[in-house]
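Peer 1: Handing you a structure now.
Quick note: the coordinates plus some simple rules give every number you see, no bench work behind them. What you see is a predicted model, and the numbers here were worked out from it, not measured in a lab. Using ideal geometry, Cβ is built from the backbone for each residue, glycine included, and neighbour counts are taken over all protein chains shown.
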Amino acid sequence: MMLKFNRLLGLCFAVLAVTFSVVQYANSADTKPDFQVVMLGVGTPPPFMHRFGPATLVIAGNKYLLFDAGRGVTQRLWQDKIPLGRIDTLFLTHLHSDHVVGIPDLLLTGWLKSPFGKRKGNFHVRGPEGTTAMMGYLVKAFEGDISIRVLDQKFTREGVTPDAKDITAGVVYDEGGVKVTAIEVNHGELIKPAFGYRVDFDGRSVVISGDTKYHPALAEAAKGTDLFIHAVAAAKPELLASHKMWKTILAHHTEPEDVGRIFKQAQPKMAALYHLVTLTNGKIKPPSVADLVARVKTTYDGPITAGADRTRFIIGKDGVDVISPKK
Ligand SMILES: [Zn+2]
Ligand SMILES: [Zn+2]
């Protein structure tokens, strides 16, 4: 009798457990955001621990799209347990080193069969003129590693072979309900073309500026977007007076008041700052992030987020939720 009762009890628990897991699954399926953006890195060339190089992940439907691959992109992806091979396509804004130095790590480590790698198919990359050539050189540069692994571990070359294309402005990707449009921006006379990108998914959108000077055409392309992420640059007046190099750097970017003007023209549901160019020579301190935001607010009074590494944006049908990284 007791045995029967125990069996019955066991069965009840089993049924309960199955029911519970189904309910949990249904809930997580219902609530999982279908459109989100993660700032993997909001930095620039200085090798800071708190700001990795520029890289922005857009997850739309079942597509994982990466915009730029700066220093530390692989660590930031795996910090969120996203295998490097999960990236469907990498889009480059331009070929300045801070935006591309993470590519070899992403390419080669993503090729490994370990849980953090697992690329299936080629490494898809789209970017301005020079992208295809750069990817070809990278494969040549790492031929030592590649040929060893092919012989030693029997890897196939497919996962480390780039499918690279040099793009021009316009729609550059249209798959799985996700459309990516490259927008030409202005990063200076010698850095052409340079692109910003707009991602459209299910009636919602995000625009990422890339590096640019004040460029009203970008505001036009971003009009009414849900999330508008814009690069920003600033230096203290004493620094600018100290050497002309600082003015040259600043002239390739947008200062906070002009970023505010762009946001004001575009009227996004949420504006955000990334690629924080806060110049310093070590002696004269860089402007703080609070300084940047305060200056943007002199020309723009809408919602704004100062991005940090791992700031996450959930782009819902009724607005954008911002999840700040844990300290
Ligand atoms: Zn840059
Ligand atoms: Zn640049």
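Peer 1: With the cut-off at 26 Å, tell me which of the pairs LYS120/LYS154; LYS244/LYS327; LYS247/LYS327 have Cα atoms farther apart than that.
Peer 2: Values: LYS120/LYS154 15 Å; LYS244/LYS327 37 Å; LYS247/LYS327 34 Å.
In this structure, LYS244/LYS327; LYS247/LYS327 exceed 26 Å between Cα atoms.
Peer 1: Using a basic spin-label model with each label point 7 Å from the Cα along Cα→Cβ, how many nm lie between ASP291 and PHE142?
Peer 2: 3.8
Peer 1: While we're on this one: Treating cross-link reach as a plain straight distance, find the lysines whose alpha-carbon is under 18 Å from the alpha-carbon of LYS269, omitting any fewer than eight places away in the same chain.
Peer 2: LYS223, LYS297, LYS317
Peer 1: So, one more: What FRET efficiency do you get for LEU190 and THR298 if R0 is 35 Å and r is their Cβ-Cβ distance, rounded to the nearest 0.05? Intermediate values should be presented prior to the final figure.
Peer 2: Values: r = 31 Å, r/R0 = 0.88.
Working from the Cβ atoms, E equals 0.70.
Peer 1: Cut-off is 10 Å between beta-carbons; in what order do ILE103, ILE229 appear when sorted fewest neighbours first? Could you put the intermediate results ahead of the total?
Peer 2: Values: ILE103 23, ILE229 29.
The most exposed by this proxy come first: ILE103, ILE229.
Peer 1: If you don't mind, there's one more thing I want to ask. What order, most packed first, do the peptides 80-90, 36-46, 154-164 have when packing is the mean number of other Cβ atoms within 10 Å of each residue? Spell out each step's value before the answer.
Peer 2: Values: 80-90: 18.7, 36-46: 23.3, 154-164: 15.5.
Highest mean packing first, the order is 36-46, 80-90, 154-164.
Peer 1: What does the net charge come to around GLY117 if you take all other residues with beta carbon closer than 14 Å to its beta carbon, with K and R at +1 and D and E at -1? Display every interim value, and only then the final one.
Peer 2: On the way: positive: LYS81, ARG86, LYS113, LYS118, ARG119, LYS120, ARG149; negative: ASP105, ASP145, GLU158.
Here the charged neighbours net out to +4.
Peer 1: For every other residue with a beta carbon closer than 12 angstrom to the beta carbon of ASP88, add +1 if it is Lys or Arg and -1 if Asp or Glu, then tell me the sum. Kindly include the intermediate steps, with their values, before the conclusion.
Peer 2: Working: positive: LYS63, ARG86, ARG119, LYS120, ARG126; negative: ASP163, GLU175.
Counting the neighbours of ASP88, the net charge comes to +3.
Peer 1: Under a straight-distance cross-link criterion of Cα-Cα below 22 Å, which lysines are reachable from LYS326, leaving out those fewer than 8 residues away in the same chain?
Peer 2: The qualifying lysines are LYS32, LYS81.
Peer 1: For the chain, what is the calculated [θ] at 222 nm in deg cm²/dmol (nearest 500), taking -39500 (n - 2.57) for each run of four or more DSSP H residues and dividing by its residue count? Walk me through the numbers before you get to the answer.
Peer 2: Numbers: 11 runs with 108 residues, N = 327.
Taking each H run of at least 4 residues, the total per residue is -9500 deg cm²/dmol.
Peer 1: Tell me the label-point distance for the pair GLU220, MET245, using the 7 Å Cα-to-Cβ offset, in nm and rounded to one decimal.
Peer 2: 3.7
Peer 1: Can you tell me the FRET efficiency between HIS50 and LYS283 if r is taken as the Cβ-Cβ distance and R0 is 22 Å, rounded to the nearest 0.05?
Peer 2: Working: r = 21 Å, r/R0 = 0.94.
Efficiency, rounded to the nearest 0.05: 0.60.
Peer 1: Kindly work out what percent of the DSSP beta bridges joining two residues of the chain are antiparallel, to the nearest 5. Walk me through the numbers on the way to the answer.
Peer 2: Working: 37 of 61 bridges.
That works out to approximately 60 percent antiparallel.
Peer 1: If you fit an axis through the alpha-carbon atoms of helix 143-152 and take the longest principal axis of the Cα set of the chain, what angle between them do you get, 0 to 90°, nearest 10?
Peer 2: 10
Peer 1: In what sequence, highest mean first, do 137-143, 302-308, 172-178, 268-274 appear when ranked by Cβ atoms within 10 angstrom?
Peer 2: 268-274, 302-308, 172-178, 137-143
Peer 1: Now for a separate question. How much length is gained if the chain between LYS327 and SER114 is pulled fully straight, taking 0.36 nm per residue apart and subtracting their Cα-Cα distance, in nm to one decimal? List each step's numbers first, then the result.
Peer 2: Working: separation 213, 0.36 × 213 = 76.68 nm, distance 2.91 nm.
Stretched out fully, the LYS327 to SER114 stretch lengthens by 73.8 nm.
Peer 1: Taking 20 °C and 1.002 mPa s as the conditions, I'd like the Stokes-Einstein D for region 54-102 in µm²/s, using the Kirkwood hydrodynamic radius from alpha carbon pairs. Provide the component values of the computation, followed by the final result.
Peer 2: On the way: Rh = 10.8 Å.
Translational diffusion coefficient: 198 µm²/s.
Peer 1: Here's another thing I want to ask about it. Taking the inverse of the average 1/r across all pairs of different Cα atoms in region 33-323, what Kirkwood radius in Å do you get?
Peer 2: Hydrodynamic radius (Kirkwood, Cα only) of region 33-323 equals 19.3 Å.
Peer 1: Would you mind counting up the charge near LEU227? Only other residues with Cβ under 9 Å from its Cβ, with Lys and Arg at +1 and Asp and Glu at -1.
Peer 2: Here the count lands on +1.
Peer 1: Binning at 5 Å from 0, report for region 110-238 what percent of all alpha-carbon pair distances ends up in each bin.
Peer 2: With a bin width of 5 Å, the distribution comes to 2, 9, 15, 16, 14, 14, 12, 9, 6, 3, 1, 0.
Peer 1: Going 7 Å from the Cα of GLN153 toward and past its Cβ, which residues in region 118-134 have a backbone nitrogen under 19 Å from where you end up?
Peer 2: Residues 118-124 fall inside that zone.
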